Amino acid sequence: MTTDASQGISAAAGRGMKRTFAYILAALAAAAMFGGVVHVVLVAAHVAQPAATTVYGLTARRSWATAAAALALLSVVTGGLAVRRSARDIGTGHGRLGALVAVAVGLIASVNGGLNLAVATGGPGSGNGVVGAAAAVVLGLAGMAVGGLALARSRRTV
């Protein structure tokens, strides 16, 4: 014989597990979509074929692409915080400053990723940083989109 209290606890635990499973599934879907879009960017830049000889270690172009990808990731995170309008994480201004930073940093990262792809002479493994550059382009565009969304919301509510 079960009580109503124990059924309430198990129902709440079931909802929590369903929510966790939904988050994990959404994260996996987002990772798969990100990988697919990066591959599309590599194909569009005509650098999708792997190099005949693989270069190991950090090269100047790989570090350039890594820095651009890190900036792009920063842009996405800043834009997400601006959409959430967390004043203590971004600063004052109802997320507007964070949104402007996300758009500017996303633009810088996308341009740097595109430049790296433009000067690349080989595909993945060639030491040119094409995978990081493609990731920078995709994440930079996503950061600009999220920052633009935050800007649009801040204009509407002020």
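In sequence order, the range 31-46 has phi-based couplings of 5, 5, 5, 4, x, x, 5, 4, 5, 4, 5, 5, 5, 5, 7, 6 Hz under the Karplus curve 6.51 cos²θ - 1.76 cosθ + 1.60, θ = phi - 60°, and Gly or Pro positions carry x. Over the range 33-150, Cα pairs under 8 Å with separation of 6+ residues give a relative contact order of 41 percent. Note on 144, 33: ascending count of other Cβ atoms within 10 Å places them as 33, 144, the fewest first. Couplings 3J(HN,Hα) of the range 52-59, computed from phi: 5, 10, 8, 9, 9, x, 8, 10 Hz, in residue order, whole Hz [Karplus 6.51 cos²θ - 1.76 cosθ + 1.60, θ = phi - 60°; x for Gly and Pro]. The spread of Cα positions in the range 4-157, taken along each principal axis and listed from longest to shortest, comes to 66, 39, 25 Å. Residues 23, 56, ranked from the fewest to the most other C-beta atoms within 10 Å, line up as 56, 23.
No value in this document is a laboratory result; all are computed from the given coordinates. The model shown is predicted, which means the values in this text are computed figures rather than measured ones. Because the Cβ atoms are built from the backbone with ideal geometry, glycine has one as well, and the counts that use them run over all protein chains shown.
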